[in-house]
Amino acid sequence: MSAPGGRGAWLVAAAPLVAVVAALAAGAVFIAAIGEKPLEIYALLFREAFGTGYGLGQTLFRATPLLFTGLAVALAFRAGLFNIGVEGQLYLGGFAAGVVGAACAGWPAALLLPLVLLAAAAAGAVWGAIPGVLKARFGAHEVINTIMLNFIAFALVAYCGRFAYQTATVRTAEVGAGAVIPRLGAMLPALQGTPANLSLLLAFATAAGAGVLLFRTRRGYELRAVGLNAPAAEYGGIAIGRTHALAMTLSGAIAGLGGVNFVLGYKHFFEQGFSAGAGFLGIAVALIGRNHPAGVIVAALFFGALSYAGLVINERVPRELVEMLQGLVILSAIAAQQVLERAARRMR
């Protein structure tokens, strides 16, 4: 028989699953209230999201930016920081990718694609570093700063777009052919006709890199130590301010890379408003994924499936049901975490 501590750890780890089940159960009540059968609707949702090549491709496409933004939020969370500015960092990363990709359109792919990816990451990193440095230097709370920086990012792009957008549009010129990220359908026939692209593999690589950083390096240990107990970490010789600045910079860089899914892999140009809340939803992804790269991958796929399937099942249930489910999952995750942690403490 497992020790109480072991049982308690498993109990806490089950919090995301409990949250999802609770949200689906609550959603079932609403589905039944409008005269539909909950099991049929959920079966339809799953089948449309994963049961066909087209549905799977749409799910993967929608999950890709959520994977980047979820990782960005999770990394900051690990350092004890709440990066609500991921939306703005994602937006600026996409804008930088579009502008650089169009300005250097004639460059060969071997140079252009790395340059555009670097531009996206750098734009996000700079925007993430600002609240990180303010936190380190002046103790300014990152939540307030990142919220305000979201609005500044949108306004900054709108202003710069006056010089970068094509005439009478809200988009840049198309990026050069060397910056285009191939569609997955070119290699997997089942996914043909879907916008899913190889930026998904970049997201997986980023998740793997984040996992190595957090759990296999000294810097990662310092990030986690500061997040768990900043005074103790400082007593142990870790520079709190430098660690906070580093965490926010890395978080911003990951978020900025999320913009390439749309700009380089789908439309091949930046379009105003493309992010559509992916940065804010990344907070929920990180929460359900328990701030672990592997968990973030699963959570991103779950929310990506909800996003696409919500469009498909709209004929039978209101699309707002999906938005309600997303909200219920977040609320349930917060409640389940607290309840199960208390239960785990009583088992020790």
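The values are calculated or read from the model by the stated rules, or taken from the named source; none is laboratory data. Quick caveat: nothing in here was measured; it's all calculated off a predicted structure. Cβ sites come from the backbone with ideal geometry, for glycine too, and all protein chains shown count toward neighbours. Just the protein is used for accessible areas: all its heavy atoms, side chains included, with ligands, DNA and RNA removed. Shrake-Rupley method; radii C 1.70, N 1.55, O 1.52, S 1.80 Å.
Of note:
- Meets criteria (small (G, A, S), without any contact (Cβ under 8 Å) to a residue 60 or more places away in the chain, open to solvent by 50 Å² or more (accessible area, probe 1.4 Å) and over 30 Å from G241 (Cβ atoms)) for G51: yes
- Restricting segment 58-102 to residues that are over 20 Å from A207 (Cα atoms) and touching a strand residue (DSSP E or B) at 6+ places or on another chain (Cβ under 9 Å), the residue that is surrounded by the most Cβ atoms within 10 Å (Cβ to Cβ): G98
- Candidates A125, A158, A153, A121: the one that is over 30 Å from F302 (Cβ atoms) and assigned to a helix (DSSP H, G or I) is A158.
- Screening the candidates G5, G80, G88 for the property of being modelled with pLDDT of 90 or more, small (G, A, S) and either more than 30 Å from A245 (Cβ to Cβ) or in a helix (DSSP H, G or I) (or both) yields one hit, G88.
- The single residue among N291, N261 that is of a type in the set (S, T, N, Q), surrounded by fewer than 24 Cβ atoms within 10 Å (Cβ to Cβ) and touching a helix residue (DSSP H, G or I) at 6+ places or on another chain (Cβ under 8 Å) turns out to be N291.
- The set of residues in segment 11-46 that are under 17 Å from I288 (Cβ atoms), free of Cβ contacts under 8 Å to residues at least 24 places away in the same chain and open to solvent by 60 Å² or more (accessible area, probe 1.4 Å) comprises L17, V21.
- Qualifying residue in segment 269-276 (condition: within 19 Å of the chain's Cα centre (by Cα), closer than 30 Å to R171 by Cα and assigned to a helix (DSSP H, G or I)): no
- Residue count for segment 181-193, restricted to those that are surrounded by fewer than 21 Cβ atoms within 10 Å (Cβ to Cβ) and part of a loop (DSSP other than H, G, I, E, B): 5
The rows are residues; the columns are (1) open to solvent by 50 Å² or more (accessible area, probe 1.4 Å); (2) small (G, A, S).
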{"position": "E271", "(1), (2)": "yes, no"}
{"position": "A276", "(1), (2)": "yes, yes"}
{"position": "L287", "(1), (2)": "yes, no"}
{"position": "V296", "(1), (2)": "no, no"}
{"position": "A299", "(1), (2)": "no, yes"}
{"position": "L306", "(1), (2)": "no, no"}
{"position": "L321", "(1), (2)": "no, no"}
{"position": "Q326", "(1), (2)": "no, no"}
{"position": "L340", "(1), (2)": "no, no"}
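- Residue match in segment 95-117 (condition: under 17 Å from N150 (Cβ atoms), touching a helix residue (DSSP H, G or I) at 6+ places or on another chain (Cβ under 6 Å) and in contact (Cβ under 8 Å) with a residue 60 or more places away in the chain): yes
- Under the condition of being of a type in the set (F, W, Y) and buried (at least 24 other Cβ atoms within 10 Å of the Cβ), the residues counted in segment 103-133 number 1.
- A309 at pLDDT 80 or above and not in a loop (DSSP other than H, G, I, E, B): yes
- If you go through segment 194-222 and keep only what is of a type in the set (S, T, N, Q) and open to solvent by 40 Å² or more (accessible area, probe 1.4 Å), you end up with just T217.
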